[in-house]
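Asks: Handing you this structure, nothing more for now.
The values are calculated or read from the model by the stated rules, or taken from the named source; none is laboratory data. Keep in mind the model is a prediction, meaning the values are calculated, not measured. Positions of Cβ are generated from backbone atoms using ideal geometry, with glycine treated the same way; all protein chains shown enter the neighbour counts.
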């Protein structure tokens, strides 16, 4: 059989690399309050090519050079301070995608990553899947016909795609304690690869899990999340999204972000009749925003901590 | 782990389905002179959706309807006459891509498929991998910047990609007989998804195997074709391509087909020093065109056979 995508397993994350578009397809990591602690420092890390992939298929440092795009981490460096080796591993290009720096990777997206970390305060185990999306758009505003269009970086024929959007899927579990049953929550977010206004509520970027799955061509945690659980999460996501979008409109934002449509399968799969995932019939899955405050930390939150400088301002740019 | 591409195994072919772009990624089939014979008839076959893939991820009949594109077979129906069941199986949408009908699927590509069949006269076993390509192009003629751009069919958010090109990789083996050693040959061809002039020599569409692999993000037959074998096939492909392109220019074709660049790895991997594939050090791999006449059958070759009507003129169109 032809050999395509490459599964790469690193210290603290795994990445499935799409060697056609030279981007990861998804990156998965596991976070706990304890795993976020450690002495690893990004000051000691360097971006490196992934030598586990043949040169002709791997993302290259030179693809980013002079492109104006950041080498944006999918599994964030700051999630893997446990050891310097774990942090270094997040700097391989099998964990990065071309991301807009100002207003996105260094701002809104960084705040979003920090929010994900905060979920470990309330949940014992947090699984995060992060990756790029290539979303088609109408050929003209309101047109019926759709087109896929995105830039490619590097030297032909060895080119690297610039994703139009990025997603995070978060699945969190609080273990059973003192007679209290375990609880599980999930949420999916999709953000455009462009500057996002500081004041945008993050809930405006909440999307139904099924919509993300259909856009990404992926099914997340199929053994845990069946149609019934997905239906519940989807319904809640649409409520949170509506609330967030309303705030956007009230704020009169000039930048109307590209948002995913509701799920195509929504009508076909009412939660009440959906099939529950095998093996976990007693654990309903709620939406993260129903149990955790879905509000981003302040802009430049790092200024209030020990780090005064934006940690990714200079090193991320593929200059 | 997230569940992505789906491997679908049918009677006489297998398909890896890209559920993001709703096209097969590749389709593999095995041909012999005997396997081409049989009573299967396409008149008895109907296009069907692949029920082995969830509705929200599968290609749909409605995606093609009214699009103007043919439901183009990757494994051709006429390769699988062995039984009606085998032929029917080629009509599932996990074996089709949106192809331009007039001048391509019903003409040049059909002649190319017939040529592939003819390889079974000289070779005992013929393996064929067929699939779509999405090739980026310069943003403007001669520009340094590249863009990926192709139409998407269907109803958003459930959209199906229209490939820009199609490839076939052919690997053929003649078994050892009467003291004569076995011989193996390979060749890769890439054709644009648009009408191709009848007179274009097929060798103009020969491409280095490595160039195809790098564009498709696939490695074909990695256990059989090592760097050394690939280097030999690549060098021959470039010679055949140059010959074919020269004929194009002499003919003063108005339609200059989009052709793949030479392989990026060509200079880095001289055939003499390349690593041979493990296990088959004694079987060098030649280029198909060095042993089989790489000339397409005549336009409308089916008129000279029992079938008078173009077999795919009405049924393929997703009307």
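Asks: For the stretch A:92-113, name all the residues that are on the phi < 0 side of the Ramachandran plot and surrounded by fewer than 18 Cβ atoms within 10 Å (Cβ to Cβ).
Replies: The answer is A:102, and nothing else.
Asks: With the condition kept exactly as written, say whether any residue in the stretch B:129-144 is touching a strand residue (DSSP E or B) at 6+ places or on another chain (Cβ under 8 Å) and more than 10 Å from chain A (Cβ to nearest Cβ).
Replies: Within the stretch B:129-144 (the criterion being touching a strand residue (DSSP E or B) at 6+ places or on another chain (Cβ under 8 Å) and more than 10 Å from chain A (Cβ to nearest Cβ)), the answer is yes, since at least one residue qualifies.
Asks: May I ask you to list the residues in the stretch A:58-73 that are modelled with pLDDT under 95 and closer than 13 Å to residue A:95 by Cβ?
Replies: none
Asks: Name every residue in the stretch A:211-228 that is in a helix (DSSP H, G or I) and in contact with a strand residue (DSSP E or B) (Cβ under 7 Å, 6 or more places away or on another chain), in order of residue number.
Replies: Matches in the stretch A:211-228: A:212, A:213, A:214, A:215, A:216.
Asks: Could you list, in sequence order, the residues of the stretch B:24-57 that are in contact with a helix residue (DSSP H, G or I) (Cβ under 9 Å, 6 or more places away or on another chain), modelled with pLDDT of 95 or more and within 12 Å of chain A (Cβ to nearest Cβ)?
Replies: B:24, B:25, B:26, B:27, B:53, B:57
Asks: Continuing with this model, one more query. Name the residues in the stretch B:146-177 that are more than 25 Å from the chain's Cα centre (by Cα) and facing chain A (nearest Cβ under 7 Å), would you? First the steps, then the outcome.
Replies: Going residue by residue through the stretch B:146-177, those that are more than 25 Å from the chain's Cα centre (by Cα) are B:155-158, B:176-177.
Within the stretch B:146-177, B:156, B:157, B:158 meet the criteria.
Asks: Looking at the stretch A:203-210, is at least one residue at the interface with another protein chain (Cβ under 10 Å from one of its Cβ atoms), crowded, with 24+ Cβ neighbours inside 10 Å and under 16 Å from residue B:157 (Cα atoms)?
Replies: yes
Asks: Looking at the stretch A:100-140 only, could you name the residues that are touching a helix residue (DSSP H, G or I) at 6+ places or on another chain (Cβ under 8 Å) and in a loop (DSSP other than H, G, I, E, B)?
Replies: A:135
Asks: Give the stretch A:1-23 a look and list any residue that's in a loop (DSSP other than H, G, I, E, B), within 14 Å of chain B (Cβ to nearest Cβ) and in contact (Cβ under 8 Å) with a residue 12 or more places away in the chain, or say none.
Replies: We begin by selecting, within the stretch A:1-23, every residue in a loop (DSSP other than H, G, I, E, B); these are A:1-2, A:4-5, A:10-12, A:19-22.
Going one step further and asking which of them are within 14 Å of chain B (Cβ to nearest Cβ), we end up with A:1-2, A:4-5, A:19-22.
If the condition is that a residue be in a loop (DSSP other than H, G, I, E, B), within 14 Å of chain B (Cβ to nearest Cβ) and in contact (Cβ under 8 Å) with a residue 12 or more places away in the chain, then A:4, A:5, A:19, A:20, A:21, A:22 are the ones that fit.
Asks: Go through B:121, B:181, B:168, B:144 for me and flag whichever is within 15 Å of residue B:30 (Cα to Cα) and either modelled with pLDDT under 95 or crowded, with 21+ Cβ neighbours inside 10 Å (or both). Quick ask: steps written out before the conclusion?
Replies: Values: B:121 fails: either modelled with pLDDT under 95 or crowded, with 21+ Cβ neighbours inside 10 Å (or both); B:181 fails: within 15 Å of residue B:30 (Cα to Cα); B:144 fails: within 15 Å of residue B:30 (Cα to Cα).
Within the list B:121, B:181, B:168, B:144, the selection yields B:168.
Asks: Checking the condition touching a strand residue (DSSP E or B) at 6+ places or on another chain (Cβ under 6 Å) and surrounded by fewer than 18 Cβ atoms within 10 Å (Cβ to Cβ), which residue from B:17, B:27, B:48, B:9 passes?
Replies: On the way: B:17 fails: surrounded by fewer than 18 Cβ atoms within 10 Å (Cβ to Cβ); B:27 fails: surrounded by fewer than 18 Cβ atoms within 10 Å (Cβ to Cβ); B:9 fails: touching a strand residue (DSSP E or B) at 6+ places or on another chain (Cβ under 6 Å).
The conditions single out B:48.
Asks: Starting from residues that are without any contact (Cβ under 8 Å) to a residue 60 or more places away in the chain and touching a helix residue (DSSP H, G or I) at 6+ places or on another chain (Cβ under 7 Å), keep the ones in the stretch B:211-230 and report whichever is nearest to the other protein chains (Cβ to nearest Cβ).
Replies: Here the answer is B:219.
Asks: Going by the conditions given, is residue A:231 part of a strand (DSSP E or B) and at pLDDT 90 or above?
Replies: No, not satisfied.
Asks: Consider residue B:69 carefully, then state whether it is within 14 Å of chain A (Cβ to nearest Cβ) and within 20 Å of residue B:311 (Cα to Cα).
Replies: yes
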